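Asks: Before I ask anything, let me first share the structure, which is written out below as structure tokens.
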Amino acid sequence: MKRILSLIMVGFVTFAATSCKKYLDINTNPNTATSSTPELVLPQAITAIASQTVEYNFYGSQVAGYIANGGGVAFSGPILTYNYDATSQQALWNTSYDIANDVEYIITSTEGQPDLLYFNAAAKILKAFVFQRLVDQYNDAPYTDALKGANNVTPKYDKATDIYKSLGDLLDAGLTVFATPTNPATSAAFIKADVMFGGDKTRWAKFANTLKLRMVLRAGNKVAFTKTTFDTAVGFLTEDATVNPGYTKVSGKQNPTWNRFAYTFANATVTLGGQYPPTPFVRAFYDGTKLTDVTRANLVYKVGVAAVTNQLGNTVQSAGRGAVPNSWFRGTSATAYESIGIFKGFDAAQPVFLLADAYFLQAEANVRGILTGDAQANFNSGIDASFRYLNKNAANAVTAGKAPATEGAAYRTANATKYLANFALATTTEQKIEAIITQKYIALNFLFGDEAWNDYRRTGYPVSNSSPGAAPAETIVSIATESTAPDRLPARLQYPDTEFKYNSANVPTIDKYTTKIFWAR
Amino acid sequence: MKKLVLMSLSLFLLAIGQIFAQTRTVTGVVTGKDDGLPIPGVSVRVTGTNTGTATNANGRYSINVSGDARSLDFNFIGYGALTANLGSNNVLNVSLSPDTKQLDEVVVLAGGLATTRRSQGTVATTIKSDQLTAAKPTNVAAGLLGKIPGLQINGTSGGSNPNFRIFLRGLRSLTGNNEALIVLDNVITPNAVLGNLNPEDIEDVQVLNGGSGAALYGSDASNGVIIIRTKRGQKGRMEIKAQQTFTAEQVAFYPQLQKQFGQGSDGDIKVYLGVENQQYGPAFDGVVREVGRRIPDGNGGTTIQRIPYAANNSREDFWNNGLTSQTDLSISSGDEKGTVFFSGQYARANGTTPKDIYDRANVRLNGTRNISSKLFLNYSLNYAQNRYDQTTQTATIYDQLLESSANIPVTDYKDWRNDPRANPSGYYNAYYNNPYFQIDNYRERIRNDYFNGSAELRFSPFKWMDVTYRPGISTRNNSGKSYSDIFNFSDLARSQAGSGEYKLSNIVGGVTDNFLYNTRFTNELQFNFKKKVSDFDFNLVVSGFMRQDAQKSLSSSISGLVVPGLFNLSNSTSPPTATESNFKARQQAVYGVLNIGYKNFLFVNATARNDWFSTLSPENRSFFYPSVNVSFVPTDAFSVLKEIKQLDNLKIRGAYSKVGNVNLPGTFGAYGLASTFSQGSGFPFNGQGGFTIDNRIVSNNLTPEFTTGYEFGSDAAFFNSRLTANFTYYKNKTYNQTVTTAVANTSGFTSYLLNAAQTTTSGTEYKLDAIPVRTKNFEVTVGANISHFNSNVDFITGVDQINLGSFTGAGSYAVVGRRFPLLTGRSYNRDPEGRIIVDRVTGYPTGTTTFQPYGSALPKDILGLTASATYKGFTISAVGEYRSGNYIYNAAGTTLDFNGSAINTVAYNRERFVIPNSSYRDAAGNFVANTNITVKDGSYGYWAQGSPRRNIDENYITSGAFWKIREISIGYTIPKSLLGRTKVIRSARISAQGRNLFIFLPKDNVYTDPEYSAGDGNSNGNAIGLTSLGQTPPSRFFGGTLSLTF
């Protein structure tokens, strides 16, 4: 028995020691990639940034007065009352860090690698873009400690002004790489991966420069940027910055604005879009109440100046409702549409920075003495660029037979008596700024609601009457506002739920009505 | 077979007794109460004498008794002792009840090792076939409810084939698997098998509550083990059993709904709106009103339907009465060479959801064979298939239904194809489609084929040694197709629809087709050595074990059909999408068990096991764990105790164990060690891939988690086993827990997988069974089992809580220093005196943004009560269960408040009211008791809104306590005399039974049966305490059975 026993024991031990390893080494994941490359991450990051633009716009459009809840739809409170809680718009925050993590991966995995120079530079510029949008809604945020994975799961918060300064440095670094003539031509890999500028170094440099201009203007004197002058040789955007990885009519692959508010890939109406009509406030810039702009109204709205409106917070059944599939779609179905305005098509590029915005930034910089140049020329170019963008079709070309510059000129003529359209009539700096920001507001209508909201909080334009009972066309304030601030508007978003739950020691205490973003008035 | 083995023992015992010549001869047959079949080898003795005999192979006995003899004692191991009075009649037939409490009952343990109850150092409960199937459950788990201390079974869905989550001794693992390990015919088997096993095939179920009793089974045994043995053929006779059961299923436990107010509301005004889902309109007045919009009148014109504005019951009537028909047939036979047991079952269930059909067929072949005197084969093969034909909208139609006001005759809208009022184009509700249409248009067919096979080949070359090889396979083949058809809304409907309404968006149709297979192989080679050295019995088992789990699934879907009604992946407006996943994991183990018995009253059992897992890194994949338990029977050790007549036996036991468990998330825990990258949304575009870093960080040094624990207790039997009791205390600690903690998104990730937590669970279990009455014809048995648990989170590294699952608001959490799972939610903002703070102007309260703890989501106390009585051929039995100490979040409440169907919304008749126990801040900022500030709107403006009402989770958190009558069954065994002289039918029994019959809830729970919680153990982790409308309402079942034995 003893012999048998020991034999068995030897058998088991041998079995355990030898057969084990090979038998058990089967833990390689056959389903999902466990590694990647900057070449594969960059296009995704750019596309995700484009998609997030839609969400920023959607939130901003409601608070900045572009769109309102429609009648008869049961809306949940905070977006109407401004009584934001920790879950309100939390996706903006969470998605930003998700995207930033990919961008950070590109930066760290390309740092110091000459053949991946442009991936590194592009990622730095994108990181600045992602954090600029984030800080503008949340002010202080984790930045230096953020995106460290397991090394720091409770990152501390950095001052918004410090983040801005650092973002400026990122832009400078990225710009320098793209703007240095002696640097080599972009690689085929970069050209393929760059779904925004197709590997065009000049456009990247201009984009970085324009973004920097936006931040410098916004920060005013509150941030001591390392470099405050602008490289005039690089210049600013000369075309709309748009992203198109190849949007097509397949599940998950449509233009994100179209997919969110117009039609599904299977041509079914997306109900969300129809739940929101424009506001009387914004329509007043088209229908003659404040300005006359029938041409642009017919580009922006399904039925032009006849668009049905509602004021934010008005929830009665009889309140104005959105059109089908939405009030901005120029057409009758997923296959019959004009391919202009905001909803150009399922395959249209997604704008992330409008040329019009770039011109209005330059105009403001001219007025404030940050850039030398003709503010009025930039102002007019901004208006023309707005007409130009709206006249572009899904292929990103101005629709045949349309003349944006002519339309812009006609617009200025039609409103020649108003300094909001005729810059020459704006005599004071304040009027000039008001004219520029108001025109930017019109140009960004339902495209960049967040930027309009940022500008409103920074400059107070376009003018909105905050008094209770103000006529709907005169105010962006919700009639259901619960805000205790003098302007009866929110100052900012609440930090998200995830931070209170998992980073509670660091998340700052803020008041959504009174704690302002550092650059706000 | 057991009866035969024991017969020889009884005969031997009887030989000691003397036989006296007496005055008369009494004869009779002894049968088993469980199956009505004769029992051979029963000891029959004249009470108070040594005169005795035993029954023969046909259960017959003949005994000479003296004139002064009053009664006979019948004794048989495994059956309760019976004393039957002698009458004048010379024939005395008796039937004995099975008794599972005896110390010498043979139990089969890990690795097929047989042992006696006396040597078990841990608590174990055995449920016999008849106890399990008294109420004719279709699922084994349902048959265990309320019968075992420490066992908690939660339904996770209603419907024809409900899913269950099975826990023993509460929870240990925070985010890992806590479900008991299932061992079917000595082979560890996936839990899914439970729902596909024919309960009629089961011989017995043995439950080992703790890891201590189960260290031998390896990983997952820390969760306790449920050992299921299926029936074997009986040697020496053929038996055919046929059975037919019909069971009706009826929706019970519907949320309480208001029937005072109908559809409508406009802001703060109670306006009637004929297209509304919300029920904040004016009070019902019986006036005929227009409902819905214009619909075709059939003559080319249009009309609007008009119905009386009065409440009806159609929301309740919507659900069908389900019917399950279950047909069983089994044949068992055996001879010297071996036995065979064959069974088949077919069950068809029509569920409570209209048109839901569930079919199940089971075939089992079990057998034993003595190949030679030294080679023995034992096998069991089971094939089961089930088929579902059901709607995919189960999760939404319940909600959809409750989005209809009480005045809407929902059940009139069945014929949506022909009736313009029911057609989605003309359906009255502008926001929620016709549920009958949903049922017809969104369907799925699922087929599952299960095969379980296990075999044991035992070679016994020497008396002191056996070698057993035991392969097992458990495999599931699944395929399913879900589909929906195109529906285009009419121009008339579209032209009237408001923005955002569903009628504006045509239904494009779609198909999803999926396949999955899942296979587990196990292989075990076991050496068993026995040796007796003077007073010591030694038994050593050494075993090697291997297991492989593999799964593959493929799924493809399309959205947007080209040709209506053709549900094929090729019939699509855009390319199909496809996903694939493959998993494989392996495990190896060697283990040893040493049993030492001393004089049959002291036993020591020690186990040691080493596991190797493929799912861990090579450095961490090997781990070792031991256990030891001791059992001592003082009643056999000390003669003083033996003398106590009332005390039959007493056993004292204690155990310590450590069990390792690899508890990685995902299928089999495979591939969990590396962080991953996935294609971003929409990618690839145009040949260009685009990857994003996935959101989980993984610690680079993951190790197994371990549960160490001890338990002690005792078992005692009194008065000839008329009273049995046991008691157990246990405490265990699970450390090194592998948890996925949520982390701040600012880290760049959302979750972190690491070894980071420890929990402690302790508790007590009691079981008491008594037979207060036992006479020849009448016997009453009552039993109670009580368990009390406390699972506590000791620490979680880095975070103070983990979200186990949540709805928008309330959630089930593990919080350091608290019981878990802990139900938390947003509560009212309260002043220092605890009063609800309301706004001085609006009278509205507000909720906190942070979550407040409410209490355990798991019951702290469970009480199970069983009772049965038999009188002649009649048996009546009942099982009740009480659970308490827990809280539940009823997500349904927010929906019901939103649409205004909730009973709570009429508490103040939709008038303005003062929030009870509230206060407000006066101008100076002081809190003042609120006696006069009413809510601004007592209707829609308050009840349907988030901020003052629906976002305050406290409103929907109720006690989770309940009393339930789980089972009642009444059976009658038809006497042989009535069966006539056919001789064909040996036994016949009819019974009526009900399950889940009654529930008694605390007053605040106006929603549903708190036993049901959303999701099941696998998909929703351990998020207990959350329910929603995402399942059909819980049902009660009642039916009748006829069974015949030939």
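Asks: Out of A:Ala358, A:Ala349, which single residue is under 19 Å from the mean Cα position of the chain (by Cα) and within 14 Å of chain B (Cβ to nearest Cβ)?
Replies: Step by step, each of A:Ala358, A:Ala349 is checked, and only A:Ala349 is under 19 Å from the mean Cα position of the chain (by Cα) and within 14 Å of chain B (Cβ to nearest Cβ).
Asks: Related question: Considering only segment B:446-467, state which residues are within 11 Å of chain A (Cβ to nearest Cβ) and touching a residue at least 40 places away in the same chain (Cβ under 8 Å).
Replies: B:Pro461, B:Trp464, B:Met465, B:Val467
Asks: Another question, if that's okay. Can you name the condition, by its number, that B:Asn663 falls short on among (1) modelled with pLDDT under 90; (2) assigned to a loop (DSSP other than H, G, I, E, B); (3) more than 14 Å from chain A (Cβ to nearest Cβ); (4) open to solvent by 30 Å² or more (accessible area, probe 1.4 Å)?
Replies: (4)
Asks: If you go through segment B:221-257, how many residues are in contact with a Phe, Trp or Tyr (Cβ under 6 Å, 6 or more places away or on another chain), more than 30 Å from B:Gly351 (Cα to Cα) and of a type outside the set (D, E, K, R)?
Replies: 3
Asks: In segment A:487-506, which residues are open to solvent by 20 Å² or more (accessible area, probe 1.4 Å), of a type outside the set (D, E, K, R) and in a loop (DSSP other than H, G, I, E, B)?
Replies: A:Gln494, A:Ser504, A:Ala505, A:Asn506
Asks: Another one. Could you say whether any residue in segment B:487-506 is in contact with an Asp or Glu (Cβ under 8 Å, 6 or more places away or on another chain) and part of a strand (DSSP E or B)?
Replies: No, segment B:487-506 contains no residue that is in contact with an Asp or Glu (Cβ under 8 Å, 6 or more places away or on another chain) and part of a strand (DSSP E or B).
Asks: Out of segment B:468-495, which residues are within 12 Å of another protein chain (Cβ to nearest Cβ) and open to solvent by 30 Å² or more (accessible area, probe 1.4 Å)?
Replies: Selection gives B:Ile486, B:Asn488, B:Arg494, B:Ser495.
Asks: Moving to a separate point now. Being more than 14 Å from chain A (Cβ to nearest Cβ), of a type outside the set (Val, Ile, Thr), surrounded by fewer than 21 Cβ atoms within 10 Å (Cβ to Cβ) and farther than 30 Å from B:Phe1037 by Cα: is that true of B:Lys976 here?
Replies: Against the criterion (more than 14 Å from chain A (Cβ to nearest Cβ), of a type outside the set (Val, Ile, Thr), surrounded by fewer than 21 Cβ atoms within 10 Å (Cβ to Cβ) and farther than 30 Å from B:Phe1037 by Cα), B:Lys976 qualifies.
Asks: Here is a check on your reading of the model: is B:Thr615 within 34 Å of the chain's Cα centre (by Cα), outside any strand (DSSP E or B) and either buried (at least 17 other Cβ atoms within 10 Å of the Cβ) or in contact (Cβ under 8 Å) with a residue 40 or more places away in the chain (or both)?
Replies: It is true that B:Thr615 is within 34 Å of the chain's Cα centre (by Cα), outside any strand (DSSP E or B) and either buried (at least 17 other Cβ atoms within 10 Å of the Cβ) or in contact (Cβ under 8 Å) with a residue 40 or more places away in the chain (or both).
Asks: Only one residue in A:Ala426, A:Ala421, A:Ala395 is without any contact (Cβ under 8 Å) to a residue 60 or more places away in the chain and open to solvent by less than 60 Å² (accessible area, probe 1.4 Å), so which one is that?
Replies: Only one candidate qualifies: A:Ala426.
Asks: Give the number of residues within segment A:181-224 that are among the polar types (S, T, N, Q), modelled with pLDDT of 95 or more and open to solvent by 40 Å² or more (accessible area, probe 1.4 Å).
Replies: 1
Asks: Cβ-Cβ distance below 6 Å, separation of 6 or more or different chains: which pairs start in segment B:487-509 with a residue that is in contact (Cβ under 8 Å) with a residue 60 or more places away in the chain and end on one that is among the aromatic types (Phe, Trp, Tyr)?
Replies: Pairs that qualify, where the first residue is in contact (Cβ under 8 Å) with a residue 60 or more places away in the chain and the partner is among the aromatic types (Phe, Trp, Tyr), are B:Lys503/B:Phe489; B:Ile507/B:Phe487.
Asks: Yes or no: B:Ile182 crowded, with 22+ Cβ neighbours inside 10 Å, hydrophobic (A, V, I, L, M, F, W, C), in a strand (DSSP E or B) and under 13 Å from the mean Cα position of the chain (by Cα)?
Replies: Yes, satisfied.
Quick grid of which residues meet (1) open to solvent by 30 Å² or more (accessible area, probe 1.4 Å); (2) modelled with pLDDT of 90 or more; (3) not β-branched (Val, Ile, Thr):
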{"position": "B:Arg912", "(1), (2), (3)": "yes, yes, yes"}
{"position": "B:Phe927", "(1), (2), (3)": "yes, yes, yes"}
{"position": "B:Asn930", "(1), (2), (3)": "no, yes, yes"}
{"position": "B:Ser947", "(1), (2), (3)": "yes, no, yes"}
{"position": "B:Ile968", "(1), (2), (3)": "yes, yes, no"}
{"position": "B:Lys983", "(1), (2), (3)": "yes, no, yes"}
{"position": "B:Gln993", "(1), (2), (3)": "no, yes, yes"}
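Asks: Next question, about the same structure. Considering only residues that are open to solvent by 30 Å² or more (accessible area, probe 1.4 Å) and either basic (Lys, Arg) or under 21 Å from B:Gly1039 (Cα atoms) (or both), which ones fall in segment B:326-337?
Replies: B:Thr327, B:Leu329, B:Lys337, listed by residue number.
Asks: Between B:Tyr766, B:Tyr752, B:Tyr730, which is within 14 Å of another protein chain (Cβ to nearest Cβ) and in contact (Cβ under 8 Å) with a residue 40 or more places away in the chain?
Replies: Of B:Tyr766, B:Tyr752, B:Tyr730, the one residue that is within 14 Å of another protein chain (Cβ to nearest Cβ) and in contact (Cβ under 8 Å) with a residue 40 or more places away in the chain is B:Tyr752.
Asks: Among the residues of segment B:416-429, is any under 30 Å from B:Tyr254 (Cβ atoms), touching an Asp or Glu at 6+ places or on another chain (Cβ under 9 Å), within 14 Å of chain A (Cβ to nearest Cβ) and open to solvent by 20 Å² or more (accessible area, probe 1.4 Å)?
Replies: For segment B:416-429, residues under 30 Å from B:Tyr254 (Cβ atoms), touching an Asp or Glu at 6+ places or on another chain (Cβ under 9 Å), within 14 Å of chain A (Cβ to nearest Cβ) and open to solvent by 20 Å² or more (accessible area, probe 1.4 Å): absent.
Asks: Look through A:Val324, A:Val282 and report the one residue that is buried (at least 22 other Cβ atoms within 10 Å of the Cβ) and either more than 25 Å from A:Ile476 (Cβ to Cβ) or aromatic (Phe, Trp, Tyr) (or both).
Replies: A:Val324
Asks: Can you name the helices (runs of 4 or more DSSP H) wholly within segment A:179-281 that have at least 3 residues being among the charged types (D, E, K, R) and either farther than 29 Å from A:Ile442 by Cα or more than 11 Å from every other protein chain (Cβ to nearest Cβ) (or both)?
Replies: A:201-219
Asks: Only residues that are open to solvent by 10 Å² or more (accessible area, probe 1.4 Å) and either at pLDDT 90 or above or more than 10 Å from chain A (Cβ to nearest Cβ) (or both): list them for segment B:739-749, please.
Replies: B:Thr740, B:Asn745, B:Phe749
Asks: Are any of the residues in segment B:690-703 closer than 30 Å to B:Ile771 by Cα, away from every other protein chain (no Cβ under 14 Å) and either outside any strand (DSSP E or B) or open to solvent by 30 Å² or more (accessible area, probe 1.4 Å) (or both)?
Replies: So far as segment B:690-703 goes, no, none of its residues is closer than 30 Å to B:Ile771 by Cα, away from every other protein chain (no Cβ under 14 Å) and either outside any strand (DSSP E or B) or open to solvent by 30 Å² or more (accessible area, probe 1.4 Å) (or both).
Asks: Filter segment B:523-550 down to residues that are touching a Pro at 6+ places or on another chain (Cβ under 9 Å) and farther than 15 Å from B:Tyr469 by Cβ, then give me how many there are.
Replies: Of the residues in that region, 1 qualify.
Asks: Follow-up question, since we're still on this one. Give segment B:163-176 a look and list any residue that's open to solvent by 10 Å² or more (accessible area, probe 1.4 Å) and more than 14 Å from B:Tyr735 (Cα to Cα), or say none.
Replies: Scanning segment B:163-176 gives B:Asn163, B:Phe164.
Asks: Would you check if B:Ser505 is out of contact with any Leu (no Cβ under 7 Å at 6 or more places or on another chain), surrounded by fewer than 18 Cβ atoms within 10 Å (Cβ to Cβ) and more than 24 Å from B:Asn186 (Cβ to Cβ)?
Replies: no
Asks: Find the residue count for segment A:38-50, including only residues that are open to solvent by 40 Å² or more (accessible area, probe 1.4 Å) and either without any contact (Cβ under 8 Å) to a residue 24 or more places away in the chain or at the interface with another protein chain (Cβ under 7 Å from one of its Cβ atoms) (or both).
Replies: Residues in segment A:38-50 being open to solvent by 40 Å² or more (accessible area, probe 1.4 Å) and either without any contact (Cβ under 8 Å) to a residue 24 or more places away in the chain or at the interface with another protein chain (Cβ under 7 Å from one of its Cβ atoms) (or both): 1 in total.
Asks: Among what's in segment A:403-418 and is in a loop (DSSP other than H, G, I, E, B) and in contact (Cβ under 8 Å) with a residue 40 or more places away in the chain, pick the residue that is most open to solvent (accessible area, probe 1.4 Å).
Replies: Selected residue: A:Lys418.
The values are calculated or read from the model by the stated rules, or taken from the named source; none is laboratory data. Predicted model only: the values in this text are computed from it and were never measured. Reconstructed Cβ throughout: ideal geometry from the backbone, glycine too, with neighbour counts over all protein chains shown. Remember, those area values only see protein heavy atoms, side chains included, never the ligands or the DNA or RNA. Shrake-Rupley method; radii C 1.70, N 1.55, O 1.52, S 1.80 Å.
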